[in-house]
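Here the structure comes first, spelled out in C-alpha cells, and everything after it is commentary.
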Amino acid sequence: MSTREHGFWGVAAVEQAGLYGLRAPKEFSRADTPEQFCPDVPVDWDELTLAVEVDVLGKRVRGTATWSGTVRRAELSRVRFDADGFAVLRVFGGDGHAQAFEHDGRELWLYLGGACHRGDTVRVAIDFETVDPRAGFYFIVPDADHPDRPAHAWTQGQDEDSKYWFPCHDSPNHKVRLNLIATVPEGMAALSNGVLRNIYRAADADKRIYDWQMARPIPIYLLTLVVGPFVEVKQQQEPVPVSYFVLPGREADGERSFGRTPAMIADFERRTGVRYPFEKYAQVAVSEFVFGGMENASMTTQTDLTLHDERAHLDFSSEPLVSHELAHQWFGDLVTCRQWAHGWLNEGFATYFEQLWEETARGDDEFDYYRQLAMRRYMAEDSGRYRRTIVTHRYDEPIDVFDAHLYEKGGAVLHMLRRELGDSTFFGAVGTYLQTFADQVVETPDLRRAIENYAGRDLGQFFSQWVENGKGHPEFKVAGSWDADEKQFKLTIEQCHDTEHAPLFAVQVPVRFEFDGAAAVELTLKVSKKQHSFHLSLPAAPKLALVDPRSDLLGTWDLGLSEPLLRAALASAPTAMARVQAALALGKKPNRQNVEALSAVLGSNAPWMVQDEAARALAKIGSQAAFDCLAAAAHIAHPKARRTVRESLGRFATAASAELLAKLLTDGDPSVQVEAETARALGATRSPLAYDALVASLDRDSWNETVRIGVLDGLAALADPRGIAVAASYLPKHFPTLLRCGAIRCLCSFASEPGKATDALRPWTSDTSFRFAFNLAASLGGLGDGRALPLLQAVADRAIDGRVKKRANESIASIRAGQGAGKQVDALRTDVDGLRNQLRDLNDSVDRETHLRKASRA
C-alpha cells in the first residue's frame, strides 16, 4: 500500500524542522495507548465463497458469505466474525438449516447448534446486505457536481476495512482461499483476485455474473472487487498474464503509467529467485482512491491520479508506485505480516524493492539519490512529528503505524543489511525467507532467523538497534586532516546525537581515498562509541576523501573536511551522492570559491541530482554572486534540476528575483512541475508584482491541476490577503479534489488572518471525502489559532478514515500546546527573510573585500 502522496513533509521540511525548533523527538504513543495483538483464530477457515450482487448507482451490496474450515479448539460452540455497520439477514449451517446468531452492529456471533471439537469441519453461510458502507466498499457515481463522472465501485480492505461490507475475520493473522462470484449491471465488468473462470448472463437479462477463483490463500484485507465500465489492455500472456484496466479514453495514459510492469516482474523474480506467485497480475485505475495504490493479491488497485499525459511524462513517473505495489505480491501477499506491529515486513520490503527498480532501470546514481530522498522523508517525520521503534504494539488504530518509520526507515534498514551481508548473501537469504514462509504469516523474528540461518551470522544487535528496540538514527560529525610527516590521514567520527532519545549505533562506515598517480584505497571503519579517531596510513595526501560515498547508512553527516577536499569531491567524486554531500557541506561555508565551485556544477553535465543540491546550496549561501549563478541556470536542461533552480531563486526576496521569476512564469515551461514551482518561487519573493502575475496564471489547465495548485501555493507564500478570496473560490465540490486541497493549504497559510481562513473553511468540515478531510485536518493546525479548534474537532468527530482522525488530533494538540505554525512562526519567517538578506549583503561584502585584497597583492 502506498501512502506517500498524503505526506506534507518533503525535502524542504527537513530544513523547516531545524529552523523552527522541532528537533526534540516527540513520543508516538501516549501513556494510555493500548497494546494491540492478534485476535484468536478458533477455526482454521480454509475457503471463503463470496457471492454478491452489486448495485453501483444504489450503493448497495447484497450477498452470501460461505465460510468452510476446521475447528482448532478442543471444544467450540460459537464463532465470531467482524460485521460492522450492515445488516445480517440469515445464517445457515452446513446442513442447510437456519442457525441462531447475535449481531450487535459490530460483531457477529454464530451458534453452531452444539459443541464442535478439534478437527471437526464447520461450514456456515451468512446472508447480508450493505448499503452505502462507511468504508471498505466505495461507490463513485455521478452527482450534481460531477454529472459526467463514470459510475464505478471498488473495495479497499487494508488495514481492517473489509468488515464494513461483509462478515469476515478482518485481521492479517489468517489466510483463506477465495471464490468470488459477482453479479453486476450489463455494461460493467467485475474484476477480482485470481482467475476468471466464467462470465455468464444472469436470469435478469440486464446483468452479468463474473466467477473468480483464487488458488493460494490470502488474508481478507487483500480481497478485491472492482466494478465498472473498464477497458482492459493486455501486456503479455507468458510466462504470466499481465494487463491493466482503465476507464474508457485513458488507454494511452495507462501505457505511460503501467508499460514497464512486465520488466519489473522479471527483475523482482531475478533478485529474489522466486517466481511471481499468482495466476495473473493486473492493475486497475479508479477514481477517488484513498491511497496511492493497494496490492490486492494478483490485482492491484491504483489511483487514477497516477495516469498522466505526455507533457507530465517529461518529469513524472508512475514507476515508483507501480514497482512498490508489485513488490508486495511477494512481500505482503505471498508472505504476510501476522500483525500490523510488524507491518514493515510488508512495507519496508516494498519500499526497498521500489528503490531497487530505480537501480535496475536508471543506475546507481538515481538509486542512491532516490534512497536519500526516502531517508529525508523519514528524518522529517522523526524530527517533526514523532520518533518510534519500527516494531511497536502501541497504537490506537492500525493505520497509525503506516508512516515513514514503517516505509522509508524500513527500506533503509534493509539496504544497510544488504551492504553488510553482500548482494549474494542478502538476496539469497531473502529468497529463502520467501520460500520458507510462502502462504504463511510472519513476524520480525521469522525474518531474522531466516537470514541468520542462511548467512551464518548473528544479527541480534542489528535488529535490536534498528528495528525492535532502538529509536532514531545516528548523527555523525566528521573531521579529517593529512599529516605529511606521518603520511597518515587522521579521521575523527563522532556520534553527536542526543543519546537520551537514541542509542549509540554500531555501524560499519565505508571510506574511500583517491590520489594522483596511485590506486584508490577503500576501507570499512567500525564505529560504535561516542567518538572514534582513526590514523590511516596512505601512500600520499589524498585528492579525494569520501565518507560513506553512496550514502548507504541511515544517518546525517556533518562533513568537517577541508574546503579544498570538499570542492574536489563536488567536482569529481565517482558517486553522485558523494558530490551531493559535498554540495550540502559547501552550502554552509559561504565564500567566493565555494560559490564558483557550485556554479560550475550547474554549468556542467553533472547528474541532475548533483545540480539539484548545488542549487539548494547556492540558495543557502544567499549572496549576490549565488543569485547570479542561479539566474544564469534558470533554463538548465534537466527539468528536475530546473525545478530546484526556480525554487532556489524564490529564496531571494529581491526585485531582480521577482522580475525574473515573473517573466519565467509568463513564458511557461515544457514541464508542468517546473511551471508550478516557478509560481511557488515567485510567491516566496513576497514582491508587490507577484500577485498579478500569479492570478493571471490561474487559467492554465494542466495534469492533476499541477499549475493552479502551484499558483495557490505561491499565493500562500506571498501572504497577500487578497489570496484568501482567490483560494476560497476553489473550495466548492465541482472543482477537482486536488485543487480543493490546494485551496485548503493556501487558506491555512494565512496565519495573520485566522478568522478569515476559518470562516472560509467552516462550511466544508462536513465533507468526509478522504483527501479533502485529511488536508483540512493537517493544514488547520498550521494556523496556530484557537479559532481552528472547533473546525478540527468537527473533522475528527466525523472522520471515517483513521488517518484523518489522527491528523486532526495532532493538530488540536499542536495548537493547544502553542506549537502550531501560527503568528509566531509567520513572524519568524519574516525575521529569517530579513536575516537572509543581511547575510547575503554580508557575504557580498566579504567577497568584495577578499577580491580586493587578492588584487592588491597581485
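The values are calculated or read from the model by the stated rules, or taken from the named source; none is laboratory data. Since we're looking at a predicted model, the values are computed, not measured. Using ideal geometry, Cβ is built from the backbone for each residue, glycine included, and neighbour counts are taken over all protein chains shown. With ligands, DNA and RNA removed, areas are computed over all heavy atoms of the protein, side chains included. Shrake-Rupley method; radii C 1.70, N 1.55, O 1.52, S 1.80 Å.
Summary table
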read-out	value
Gain on full stretching of the segment that runs from Ile199 to Val131 - 0.36 nm per residue minus C-alpha separation	21.9 nm
Helix axis angle, 592-602 relative to the chain longest principal axis, alpha carbon, degrees	40 degrees
Chain lengthening between Ala263 and Asp797 when straightened (0.36 nm per residue, less Cα-Cα)	187.7 nm
Computed FRET value (nearest 0.05) for Ser769 with Arg78, which takes r as the C-beta separation and R₀ as 51 Å	0.85
More than 21 angstrom apart: percent of Cα pairs within region 393-475	34 percent
Mean Cα-pair separation over length for region 76-132, i.e. relative contact order, pairs under 8 Å, 6 or more apart, %	46 percent
Nearest-ten-degree value, helix 737-747 long axis tilted from longest Cα axis of the chain	50 degrees
Computed lengthening from Arg118 to Glu251, 0.36 nm per intervening residue step minus Cα-Cα distance	42.6 nm
Helix 563-572 vs. the chain, principal-axis angle (Cα, 0 to 90°, nearest 10)	60 degrees
Between region 617-656 and region 250-288, the Cα center-to-center distance that results, in Å	38 Å
Spin-label pair Ala655/Glu443, simplified geometry with 7 Å Cα→Cβ offset, distance in nm	6.9 nm
Accessible area (Å², per residue) of region 705-819, counting only protein heavy atoms and a probe of 1.4 Å	34 Å²
Whole-Å semi-axes of region 388-535's equivalent ellipsoid (Cα gyration tensor)	34, 21, 12
For region 484-492, 3J(HN,Hα) per residue [Karplus equation, 6.51 cos²θ - 1.76 cosθ + 1.60, θ = phi - 60°, Hz, x = Gly/Pro]	5, 5, 8, 6, 10, 9, 8, 10, 10
Calculated log₁₀ intensity ratio I(q)/I(0) where the Debye formula runs over C-alpha points of the chain, q = 0.07, 0.09, 0.11 Å⁻¹	-0.58, -0.96, -1.42
Mean-position separation - Cα centroids, region 349-419 and region 151-168, in angstrom	27 Å
Gyration tensor over alpha-carbon atoms, region 526-607, equivalent ellipsoid semi-axes in Å	23, 14, 13
Distance between modelled label sites at Glu397 and Asp701, nm, 7 Å Cα→Cβ extension	3.7 nm
Sites Thr33 and Arg90 - FRET efficiency at Förster radius 51 Å, r taken between beta-carbons, to 0.05	0.80
Protection proxy ranking of 306-318, 137-149 - average other beta-carbon atoms within 10 Å, highest first	306-318, 137-149
Accessible area per residue, Å², region 94-197 with all protein chains present, probe 1.4 Å	40 Å²
Leu739/Tyr386 FRET efficiency (R0 45 Å; Cβ-Cβ; nearest 0.05)	0.90
Near-label residues of region 483-519 by backbone N, under 16 Å of a point 7 Å along Cα→Cβ of Ala571	514-517
Average Cα contact separation per residue, the chain, under 8 Å, 6 or more apart, as relative contact order %	8 percent
Region 303-427, relative contact order in percent, only Cα pairs under 8 angstrom and at least six apart counted	28 percent
Kirkwood hydrodynamic radius of region 221-326, from inverse mean 1/r over distinct Cα pairs, in Å	14.0 Å
Rounded percent of accessible protein surface that carbon and sulfur make up, the chain, 1.4 Å probe	49 percent
Semi-axis lengths, Å, region 459-560, gyration tensor of Cα atoms, sqrt of 5 times eigenvalues	29, 13, 11
Accessible solvent surface per residue of region 357-505, calculated while the other protein chains remain in place, 1.4 angstrom probe, Å²	35 Å²
